[in-house]
Structures are given as C-alpha cells and as structure tokens.
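The values are calculated or read from the model by the stated rules, or taken from the named source; none is laboratory data. Quick caveat: nothing in here was measured; it's all calculated off a predicted structure. When we count neighbours, we look across all protein chains shown, and the Cβ atoms used for this are built from the backbone with ideal geometry, even at glycine.
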Amino acid sequence: MRFADITGQEDLKRHLVHSVDAGRVSHAQLFTGRAGYETLALAVAYVQYLCCRHRHDGDSCGECPDCRQIAALTHPDLHLVFPVNKQGKKSGEAVRSDEFLPQFRALFAERRGCFSSQEWYDRLDLGKTLKGMISAREADEMIRKLSFKSFEADYKTMLVWLPETMNEEASNKILKILEEPWPRTLFILVSEHPERLLPTILSRTQEVTVPRLTLATLERVAVERGVVDPVQARNMARLADGDLLELERLLAGESDALRHEDFELFCRLMRLSYNDKHLELIGWAEDAAQLTREQQRGFLRDAARLLRESYVLHAGIREISYLWGEELSFCTKFAPFVDSRNIEPLIDQIEQASAQLAQNGNPTIVFTHFALSVSKMIKHL
C-alpha cells in the first residue's frame, strides 16, 4: 500500500513523509478518521514508507520484499489486532485476531484498505446484534509479540484497528508498553471514535487526524467512475460528505433504497413528534431497533443531514441546499419547525444516540429515549 494508492489526502501524505524523513517518528500514534477517509489504508502506507529501504520521491518503492509483505499484511514485523468475535462462542473462550487473519487480509486486498467495521463483521458472519471486540487476552498477546526482536525491518509495528472496541481491562494492560515501549517499537492505533478511548491512552499517543476527502476529490472520483453529468457528480460528492465509502454506495445505487427508508423513518418521527403521539413514538422506536447497527447509524447520519438542510431552508439560503425530490418537498414544509432554538439540541440528541449505539446500548431503549426527546424539541406553530 503506497501513498500513491490513497485517494486525495495530499497534505497529510506530505506531512507523514516529512516526519519520517526528518526522523520524527513517535512510538505511539493515533490515526483518527472515518473508514471512508481511507484512514486504515493511510496507516498501512505510512508503515510501508517507514520500513521501505528504497523509498524515493515521497513514497515507498512498492517493489522490495518489505513493501510487498506489508502491502499484503504478511510482514513478520507487522502485527495486526482488530475486533473479532464468532457465533456460538463458549463462555470464557478467548477469540483472538490471529484466528481471522486470512479473512482480514482478503478483505483488505479486495477493498484496497477501505472498508467499514460493518463490512468486517459481515465477513465474520456476526449477524445483526453480535459485535467484534478486542479482549484482555488479546492485549496479553500484543505484549508477548512485541517482546521479541524484529525479524527483518528496523521497526516492530503493532497496528490496532478500532482500539475503541477494547474493554477497560485490555486498555489498561497496554498502558505501560505505550508509555515505555521497547526500542524500535511502533504502535499505530487506527480509530473512528477516539473519544471512546481511555484518556490515559489518548495522553500517551500522538494524534494524526485524517480529514474528510475534499469535495473536488470526490467529484473527480465520481467522474472517473462514469458520472458524465457534472451537476450529478457534484451532488453525489456533496452527499458523500467527504466519505469515499458513501460515494461508492451512491455510485452503485446501493444508498438509494436505504436513503428512501431513512427518509420515511425521519418523516414518520417528525410527524409523530409534532402531533405528540407518544405511544406511536414508542412503536417507531421498536421499528428502528430492528435495523442493523450500521443501518441505525446510517439513519442517524441521514436525520442529521435532513435537519441541517431544513435549517438552511428556514434561514432562507435555499441556494446552498442540496435537497431535491421528495426530500426537498418535505423539508420545505418542515423547515418552519427547525430554528436556532432547537437545531443544536436536536443534533446533540442524534450524536448521543449514535454514541450509545456504538457502545452496544440497547437499541430499543436508545431509540425510545431519542424519539421522546425529539418530540419535546419540535417547535409548534
């Protein structure tokens, strides 16, 4: 995985290259950003550049044994940890990343390092409710692996994808080695939700913030993948919100049905809230709880988007709104009920619900509280 294989992110690539060339390599780094920003791929490209013996022109060579092995995630000095689980796990049974390395490498190769946690859990066939995690026994294994000398590269690298899925016991076990690692040892944590990490872990790492992809970058990708109409390409890039995975779903048409379902769920919530139909809101919450975790988070993202667009319409700046069709029709009528007094509390409720779901909160309880809270905030004429 070379930097040249990463879409956009040119400023960050230059920063990472300069830090390695200048010898400023922090022993514990936290790459933060959504999966669709290619955060994991960037972290692997960084490790490859660091270990490449023939790097040139701001990138790894891609041809030496180290490059080939790191790109395939098979280098003996690159250790991988990621959330895992399995159906039918026995009580007390330890499930570790090494058991699922072939599946992880295959998905990484297929998706060129850019895939969501839900795609990974689908590959593990975890179903709707079971989630992956990084256990305390996995943390013990991390420490054991790093105690050995490196085989080929100058650095031993422990790459932890989604460290926020560690439980508190696992997190505490790696604190000491994060603070005082063995020589030439590198920790790379790749997180979508760093706020869920222990403050003691955050304080021991240097954060590398991976920004969303620019509108121009996603527009270019849309055109390269066959979108002829420049207006359509720009609208798709805008809807993707800096996320390459979301753009891919839009291009494939996969988001159309889901977006319509989210829109219907949003309309129903707002109508019930306006009419104070509290019993029906509880039924709405039960329906929302039947969605998969990824669909639930997708709905909350769409709800935030529709609320913001409604606020834009309420503010009278329709020219910067990217709504059309049924969404524009509904939000134009709904806009009077979203103003400066309730937009921030509404978005805050969405963020709270999303965080609770990510922490494996009970979806029925989360959405019931969310629906009843929203119903109190919708302005009545």
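Below are the figures for this structure:
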quantity	calculated
Residues being surrounded by 12 or more Cβ atoms within 10 Å (Cβ to Cβ) and assigned to a helix (DSSP H, G or I) - total across the stretch 199-229	11
Qualifying residue in the stretch 150-166 (condition: assigned to a helix (DSSP H, G or I), over 16 Å from the mean Cα position of the chain (by Cα), at pLDDT 90 or above and on the phi < 0 side of the Ramachandran plot)	no
The stretch 244-273: number of residues that are more than 26 Å from the chain's Cα centre (by Cα) and free of Cβ contacts under 8 Å to residues at least 60 places away in the same chain	2
Residues of the stretch 87-103 satisfying the condition of being part of a loop (DSSP other than H, G, I, E, B) and either of a type in the set (A, V, I, L, M, F, W, C) or outside the structural domain of Arg123 (by TED's automatic domain parsing) (or both)	Ala94, Val95
Which listed residue, of Arg112, Arg137, is among the charged types (D, E, K, R) and more than 23 Å from Leu16 (Cα to Cα)	Arg137
Hits in the stretch 110-132 - residues which are at pLDDT 90 or above, more than 15 Å from the chain's Cα centre (by Cα) and either part of a loop (DSSP other than H, G, I, E, B) or loosely packed, with under 15 Cβ neighbours inside 10 Å (or both)	Glu110, Arg112, Leu124
Residue in the stretch 15-27 that is polar (S, T, N, Q), surrounded by 19 or more Cβ atoms within 10 Å (Cβ to Cβ) and touching a residue at least 60 places away in the same chain (Cβ under 8 Å) present	no
Any hit, the stretch 208-216, residues being modelled with pLDDT under 90 and under 26 Å from Leu291 (Cβ atoms)	no
Among the residues listed as Asp241, Asp276, the single one being more than 23 Å from Lys131 (Cα to Cα) and under 17 Å from the mean Cα position of the chain (by Cα)	Asp241
Qualifying position, being basic (Lys, Arg), over 21 Å from Ser329 (Cα atoms) and part of a helix (DSSP H, G or I), among Arg249, Arg271, Arg238	Arg249
Selection count, the stretch 177-198, where residues are surrounded by 14 or more Cβ atoms within 10 Å (Cβ to Cβ) and in contact with a Lys or Arg (Cβ under 6 Å, 6 or more places away or on another chain)	3
Helices (runs of 4 or more DSSP H) (entirely within the stretch 274-381) containing at least 2 residues that are loosely packed, with under 14 Cβ neighbours inside 10 Å and not polar (S, T, N, Q)	278-289, 325-334, 343-358, 363-377
